[in-house]
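Since the structure comes first, as C-alpha cells, the remarks are kept for the end.
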Amino acid sequence: MSSRMNRFRSFMPLALDEAHRAAARGEVPVGAVMVAQDGTVLAADGNRTRERNDPTAHAEILAIRAACAALGQERLTGCDLYVTLEPCAMCAQAIAHARVRRLYYGASDPRSGGVAHGARVFAHPQCHHVPEVYDGLEAEAASALLTSFFGKLREG
C-alpha cells in the first residue's frame, strides 16, 4: 500500500468563479470546469449564450469543446466535469457522448435539469455512457448566486 493517500480535490470553487464571471456578463451564472485524470484543468468557462447568440453555448458545452480541442480528441475518458448547476438534457447528453468519467454538480435544477430531474438522460437505456454523478457540491453557494442573479433581473 502506498504511503501517499489519494485525496479528493474539488474544482467547484473554480466553477463558481466562472459562474460569477458569467453573471457579470449578464449571462445566467453557471460555470463549468473540465479536469484531466492527473488534476490538470483542461478547460473552464461560464455560460455565453447571449454573448454568442448561441443557445448551445452553455458552460458545460464550452468546457467539453475546449477540453476536446486541448487533448486533440473527441472523447474525454478519464476526465471529470464540475458544474455549478445540474446540467440540462442537452448538456447531459453531451457529457454522455464525450464519455466524461465523473460529473460533479452543485445546485439541483428541478425546472430544467436533465440528470436528477426532467429527462433524466443517464437513466435512459439509449444513453451510451453514464458518468459517475455526485451532486450537492457547493450547492448553497451555487444556489445563492442563481437566486441573487434572478432576483436582480426581477427588480430591474
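Any read-out appearing in this document is the output of simple, stated calculations on the displayed coordinates, not a laboratory observation. All values derive from a computational prediction rather than experimental measurement. Neighbour counts run over all protein chains shown; Cβ positions are idealised from the backbone, glycine included.
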Members of segment 95-115 that are crowded, with 20+ Cβ neighbours inside 10 Å, aliphatic (A, V, I, L, M) and farther than 19 Å from V41 by Cβ: A107, V115
Selection count, segment 48-61, where residues are touching a Gly at 6+ places or on another chain (Cβ under 9 Å) and surrounded by 24 or more Cβ atoms within 10 Å (Cβ to Cβ): 1
Strands (runs of 3 or more DSSP E) within segment 1-107 that include 3 or more residues in contact (Cβ under 8 Å) with a residue 40 or more places away in the chain and out of contact with any Pro (no Cβ under 8 Å at 6 or more places or on another chain): 31-35, 80-85
Output for segment 99-156, where each listed residue is at positive phi and in contact with a Leu (Cβ under 8 Å, 6 or more places away or on another chain): R99, E138
Identity of the residue in segment 133-156, assigned to a loop (DSSP other than H, G, I, E, B) and touching a residue at least 60 places away in the same chain (Cβ under 8 Å), that ends up surrounded by the fewest Cβ atoms within 10 Å (Cβ to Cβ): L137
